[in-house]
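The values are calculated or read from the model by the stated rules, or taken from the named source; none is laboratory data. The structure presented is a predicted model; accordingly, all values stated were derived computationally and were not measured. Cβ coordinates were reconstructed from backbone atoms using ideal geometry, including for glycine residues, and neighbour counts include every protein chain displayed. Just the protein is used for accessible areas: all its heavy atoms, side chains included, with ligands, DNA and RNA removed. Shrake-Rupley method; radii C 1.70, N 1.55, O 1.52, S 1.80 Å.
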Amino acid sequence: MSEPDPSRDDGALGVVLLGTLNRAAEAAPPPPPDLYRTVTRRYARRRSGLVATAAAVTVLVLLGGVVGVLRVIRHEPAPVTTPTTVEGLWPDAVRTLPTKIGDADYTVEALLADGRTIVHARDLRGLDAIAMLDPDGRPAPYQLVVGYSRAMLPDVQIADVVANDGWLVWRLSRRGSADQIWSMRWSGDRPRLLAEAGSLGSVPSIALDGDRVIYGPSPTGVRSVPAAGGVPTLFPGTGGRYWRLHWPWLVVGSGMNRAPDAPIELWNLRTGERITAKFRQTDYSDACGPVWCVARGATGDRIVTARVDGTGRRAWPGYRTNHIGLTPIVDRYLPLYREGRTAGAPGSLDLVDVVTGRAVKIRTMPETTPPTFLGTGRYFVSWLVDGRHKKVLDLREID
Amino acid sequence: MAEPDGFEEFVSRRAAALTRYGFVLSGNPHDAADLVQEALVRLRGAWGRVQRRDDPEAYVRTTMARLHVSWWRKRRRERLTDAVPERWAYDPGIARVEEDSGIWRALALVPPRQRTVLVLRYYEGLADETIADRLRISRGTVRSQAQRGLRVLRDHLDPHDRDILSTERRRHV
């Protein structure tokens, strides 16, 4: 039941405001005729990272009441210090989090606009749990949102989590039973069961598009359902094949469980567009997303990226990844390990931009790296800083 | 640098509409031009992805709305004065708008996030859920920001202009 919205009870004021805004829009000046050229010039400058140099300074010196010698003092330009890490370049896009919550390891699942971070911990004081980290640590270091007792429900696991500023959605995997899709509104509703989905495997398989949930693969196909509940709707023709969900795209035949020479097909469920990637998979760990394909070789150290249409091919010598099926995050960035530039020198974890071919250091590699050293999400990268902290870079906030 | 397919055509086709939107968002032509340019620069960087996954128009408008709110926060520019900025009275385009009501002048006194919510609701005609998603705020915050913005407008209308809220004057709008 929807609540009455007093802010919509605007009566005549709303009508007048609408009219005023429309008339103001008509009164707006036209765009400059060279807008396109200006935009492309600014974009090119931004990408080349030009930095202005310091200017000369002129000083007039007054001596004994009489205007004296005009002295020109030319300052040496200040050394140009370009930020060399992601945190230096994009400080507003980086969050600092504790490495554990309540002594439990966790994975970051979503970054909300108000600074809260949604995480999943497999064993938070005996619970398989979704929790929320407040940016200021108030009222507590973390707040439990949803938890399943591992002792009482040993066959139940939280398998996938997505969230936006309106909704939290998760997939519950249950041994011997169908997976379940659950949702909860952040404004305080109780969790609701949206659907039972068959077995969806271990891959990320839910997407949240505003207030709509898309889930799959299942033997019968991909479905969508309103996050508030309702009847799931099947996308016809999506059953019977192994694919990955990159909403609104399905990528069919990429990664494991595919014949080596089978074509990689991409299908936009929103527009109906279908294309075949011009990419030959050389190893089961290679993969395509909607825009880019990544070949990494069996050992993860022969990385090549190319667009799905075959253009923009680029090799990344000196880089490697342990990630199987990695595709560029937000269709642009890959976190890759870089070898040390000289023998014995430490390597680095870098963020590479497959569009521009540039790379920025995330951090220098420590001597040992635990399994939780690097994490990736739908739009972020996380890394350990030290034994107490990790950082998360929101890739939606950088350019 | 090779230019991506379709980007120039998009800019050419949508520039006027985006500039009008930027003007309504910011209230002045200079900020409007900055918003449009910066949002298009960002779209240029993300063109391949946006063109394939999203609606470029929605991407640009969302970017402009978010930039407008965040730029105001960063600049800490204080326009919330009791006096209406006098320069707008000399802008011939705005003079025509102001002839109809004091709403445009009163809008200059609405804080940026509240103004953005009002523009998205009334000018763009978006539902609160969509506004919440675009501004990355909760739906409850959308409603409270809209309420407060409307209250600022009501509070700053001249008694004469309040006549426009009566049934008899609605025919002029």
Exercise. Examine the range A:47-57 for a residue that is at pLDDT 60 or above, over 19 Å from B:Gln145 (Cβ atoms) and more than 7 Å from every other protein chain (Cβ to nearest Cβ), and state whether such a residue exists.
Key: yes
Quiz prompt | Scan of the range B:8-19 for residues that are facing another protein chain (nearest Cβ under 8 Å) and in contact with a Phe, Trp or Tyr (Cβ under 9 Å, 6 or more places away or on another chain), ordered by number | solution = B:Glu8, B:Val11, B:Ser12, B:Ala15
Exercise. Considering every residue within the range B:57-80, establish whether at least one is at pLDDT 75 or above, of a type in the set (A, V, I, L, M, F, W, C) and farther than 23 Å from A:Leu17 by Cβ.
Key: yes
Practice problem: Return yes when A:Ala178 is farther than 27 Å from A:Pro370 by Cα, in contact with an Asp or Glu (Cβ under 6 Å, 6 or more places away or on another chain), away from every other protein chain (no Cβ under 14 Å) and crowded, with 19+ Cβ neighbours inside 10 Å and no when it is not. | Solution: no
Quiz item: Across the range B:110-141, which residue is nearest to the other protein chains (Cβ to nearest Cβ) among those that are under 16 Å from B:Thr63 (Cα atoms) and assigned to a loop (DSSP other than H, G, I, E, B)?
Solution: B:Arg136
Quiz item: Which strands (runs of 3 or more DSSP E) sit wholly inside the range A:133-200 and have at least 1 residues that are touching a Leu at 6+ places or on another chain (Cβ under 6 Å) and at pLDDT 90 or above?
Solution: A:143-149, A:156-163, A:167-174, A:180-185
Exercise. Output yes when any residue across the range B:28-42 is at pLDDT below 90, facing chain A (nearest Cβ under 8 Å) and open to solvent by less than 60 Å² (accessible area, probe 1.4 Å), and no when none is.
Key: yes
Exercise. Please verify whether the range B:15-25 includes one or more residues that are in contact with an Asp or Glu (Cβ under 9 Å, 6 or more places away or on another chain) and more than 19 Å from B:Pro112 (Cα to Cα).
Key: yes
Exercise. Please specify each residue of the range A:359-385 satisfying the condition of being without any contact (Cβ under 8 Å) to a residue 60 or more places away in the chain and not hydrophobic (A, V, I, L, M, F, W, C).
Key: A:Thr364, A:Pro366, A:Glu367, A:Thr368, A:Thr369, A:Pro370, A:Pro371, A:Thr376
Quiz prompt | A:Gly216, sole failed condition from (1) at positive phi; (2) surrounded by fewer than 20 Cβ atoms within 10 Å (Cβ to Cβ) | solution = (2)
Exercise. Of the conditions (1) open to solvent by less than 10 Å² (accessible area, probe 1.4 Å); (2) more than 24 Å from A:Phe380 (Cα to Cα); (3) among the acidic types (Asp, Glu), A:Glu265 clears all except one; give me its number.
Key: (1)
Quiz item: Of all residues in the range A:316-357 being among the small types (Gly, Ala, Ser) and in a loop (DSSP other than H, G, I, E, B), which is most open to solvent (accessible area, probe 1.4 Å)?
Solution: A:Ala343
Exercise. Working carefully through the options A:Val162, A:Val145, A:Val169, find the one that is within 14 Å of chain B (Cβ to nearest Cβ) and in contact with a strand residue (DSSP E or B) (Cβ under 6 Å, 6 or more places away or on another chain).
Key: A:Val162
Quiz item: Within the range A:358-398, can you find the residues that are surrounded by fewer than 19 Cβ atoms within 10 Å (Cβ to Cβ), part of a loop (DSSP other than H, G, I, E, B) and within 13 Å of the chain's Cα centre (by Cα)?
Solution: A:Arg378, A:Tyr379
Self-check item: Residues satisfying the stated conditions in the range A:268-315, i.e. hydroxyl-bearing (Ser, Thr, Tyr), open to solvent by 10 Å² or more (accessible area, probe 1.4 Å) and in contact with a Gly (Cβ under 9 Å, 6 or more places away or on another chain)
Solution: A:Thr282, A:Tyr284
